[in-house]
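Some notes on the structure that comes next.
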Amino acid sequence: MTPQAKISILQHLIQIPSVNDHETDVADYIASLFAPYPDAKVEKVPFAKHRDNLVVTIGHADGPQIGLCGHMDVVDPGDVSAWSQDPFAGEIVGDQLFGRGASDMKSGLGAIVITMLEFLEQQTPLKGSIRLLATVGEETGEYGAAKLTDEGYADQLAGLIIAEPSGLDNVVYTARGVIDYKIISTGKASHSAQPEKGVNAIDNLMKFYNAVGPIMAKHDQTDPVLGSLLHNVDLISGGEQINSIPAQAELMANMRTIPAYPNQVIYDELEALVAKLNAEPDVQLDLSYSYPEEAIPGDPDAPLVQLAKQISDEICGHDTKIVGSGGANDGAEFLRAKADFTSIEIGPGSNTSHQVDEYISIKEYLQAVEVYKALVPAFFDSLD
């Protein structure tokens, strides 16, 4: 495949506005690229209307299987007038290709798709199989990866490469987990001149707010790579009007967890606090979670990690760092599968993800294809 053909694939991916939805359009385009190859097994795995995951498997089923993962959704471009380039045009200026998702992560997705297409085109002998796991909804909760995991699509993996925009000079082997939770406080409205006839939902919500911080602060163990557990209350709302006792209030909080504190530890503490407060007169608090993800412990000496570093060093001519990530990724879901495997992140990217004028270096994008084309066979060889 020519460099221009590879660039055109990325431009086409960016021109599909899969903003937190409509990933099926991306899946259909990728599936069309594999249509000329009868040996490629192409499967669409529905999550919701217009939101199909895509699984493509090539190679020999009798050998080990490696997963190549990328998500098809992108975040909203925001104020389009603030962009110097159309966020959904895939325009090129010099070495930079602009567009929403250019960094996060349609360049990574394009690179792993092209890797598989070139293996097919060149009839490269493989000692195992490669499975493309193209997911929906990563930006808002990894629920595409959760669906594929629950359906068993990761149960045979011997390794997983996630093409998130780490930059090719970084191999991410460990990552924080995430817990987003909501507390809804239900009270009883009354006139503010007669507060005794009501129940102030904000007062009861603040009981939780004042108590939860000190509880989470007790988790003071620090991970040498990821740092400490983080807990932030980021949204609070409540009340109806200034002269009414509020009947409802809520808060939402975001936590970034580390391997030392599995999510279940946090769930137990939050639920115990809510139960304790609900035992008080007139307190009604309801707790819910939104797509929590476990932290990924990882092993910096794992063969896949070390191979990724070695190959990126050789192809890109830099010193690739082995690092951790403060953000969650699809690997947290796939690691729930029956198989025991290493999950890493390495992919093309810039520091413009989720920003105005997001872009990717074309040179790095094309290098990513070469990294993956070398890494996959090297991984199979390491299992001999």
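The values are calculated or read from the model by the stated rules, or taken from the named source; none is laboratory data. Note that the structure is a prediction, hence the values are computed from the model and not measured. Cβ placement follows ideal geometry from the backbone for every residue including glycine, while neighbour counts extend to all protein chains displayed. What goes into the accessible areas is simple: the full protein's heavy atoms, side chains included, and nothing from ligands, DNA or RNA. Shrake-Rupley method; radii C 1.70, N 1.55, O 1.52, S 1.80 Å.
Our summary gives the range 49-102 a relative contact order of 24 percent, counting only alpha carbon pairs under 8 angstrom and 6 or more residues apart.
Could you work out Rg/(2.2 N^0.38 Å) for the range 243-369, with Rg from alpha carbons only? Working shown, then result.
Details: Rg = 21.5 Å, N = 127, 2.2 N^0.38 = 13.9 Å.
This ratio for the range 243-369 stands at 1.55.
Between H50 and Q194, what length comes free when the chain is fully extended (0.36 nm per residue of separation minus the Cα-Cα distance, one decimal in nm)?
Contour length minus the Cα-Cα distance gives 46.7 nm.
The angle between the Cα long axis of helix 303-316 and the main principal axis of the chain comes to about 60°, on a 0 to 90 degree scale. Of the beta bridges in the range 43-201, as assigned by DSSP with both residues counted there, near 55 percent are antiparallel.
Around P262, what is the net charge, scoring Lys/Arg as +1 and Asp/Glu as -1 over all other residues with Cβ under 15 Å from its Cβ? Before the final figure, lay out each step's value.
Working: positive: R176, R256, R336; negative: D223, D268, E269, E271, E293, E294.
Surrounding charge for P262 is -3.
Once you have a ≥ b ≥ c as the square roots of the Cα gyration tensor eigenvalues for the range 1-156, tell me rounded if a/c is under 1.5, and otherwise prolate or oblate according to whether a/b is larger than b/c.
Working: a/c = 2.37, a/b = 1.36, b/c = 1.75.
In terms of gyration-tensor shape, oblate.
With R₀ fixed at 30 Å, the C-beta to C-beta distance from S32 to E240 puts the FRET efficiency at about 0.05. Here's how it looks for G67: its modeled amide H is under 5 Å from those of R131, A158, G159, L160, I161, which are all 5 or more places away or on a different chain.
Taking S8, S18, S84 and ordering them by how much accessible surface each has at a 1.4 Å probe, largest first, produces S84, S8, S18.
Between (i) 1.11; (ii) 1.54; (iii) 0.96, which matches Cα Rg over 2.2 N^0.38 Å calculated for the structure shown? Matching the structure shown: (i).
Let me know the longest stretch in the chain that avoids all trypsin sites (Lys or Arg not before Pro) found in a DSSP loop with at most 10 other C-beta atoms within 10 Å. Longest gap between qualifying sites, sites excluded: 50-217. The lysines within cross-link reach of K49, meaning a Cα-to-Cα straight distance under 19 Å and a gap of 8 or more places when in the same chain, are K147. Taking the DSSP beta bridges with both ends in the chain, the antiparallel portion is around 70 percent.
For the chain, the longest principal axis of the Cα atoms and the long axis of helix 263-278 meet at an angle of about 20 degrees. At an R0 of 41 angstrom, the distance between the Cβ atoms of E121 and S81 translates into a FRET efficiency of 0.50.
Give the shape of the range 121-161 as rounded, prolate or oblate, defined through the alpha-carbon gyration tensor: a ≥ b ≥ c are the square roots of its eigenvalues, a/c under 1.5 means rounded, and otherwise the shape is prolate if a/b is larger than b/c and oblate if not. If you can, show how the numbers build up before the last one.
Numbers: a/c = 3.26, a/b = 1.96, b/c = 1.67.
Judged from the Cα gyration tensor, the range 121-161 comes out prolate (a/c at least 1.5, a/b above b/c).
Mean separation of Cα pairs under 8 Å and 6 or more residues apart, divided by the residue count, gives the chain a relative contact order of 24 percent. Computed from Cα atoms, the angle from the helix 362-382 axis to the main principal axis of the chain rounds to 80 degrees.
Compute the Rg/Rh shape ratio of the range 116-199: radius of gyration over Kirkwood radius, all on alpha-carbon atoms.
Values: Rg = 24.1 Å, Rh = 18.2 Å.
Over the Cα atoms of the range 116-199, Rg/Rh equals 1.33.
Taking every lysine pair in the range 268-384 that is 8 or more places apart or spans two chains, those with Cα atoms closer than 28 Å amount to 8.
Relative to the Cα centre, what is the charge dipole magnitude of the chain, using +1 at the beta carbon of each Lys and Arg, -1 at the beta carbon of each Asp and Glu, and rounding to the nearest 20 debye? Each step should come with its number before you reach the end.
Working: 24 positive and 56 negative charges, 61 e Å.
In debye, rounded to 20, the chain gives about 300.
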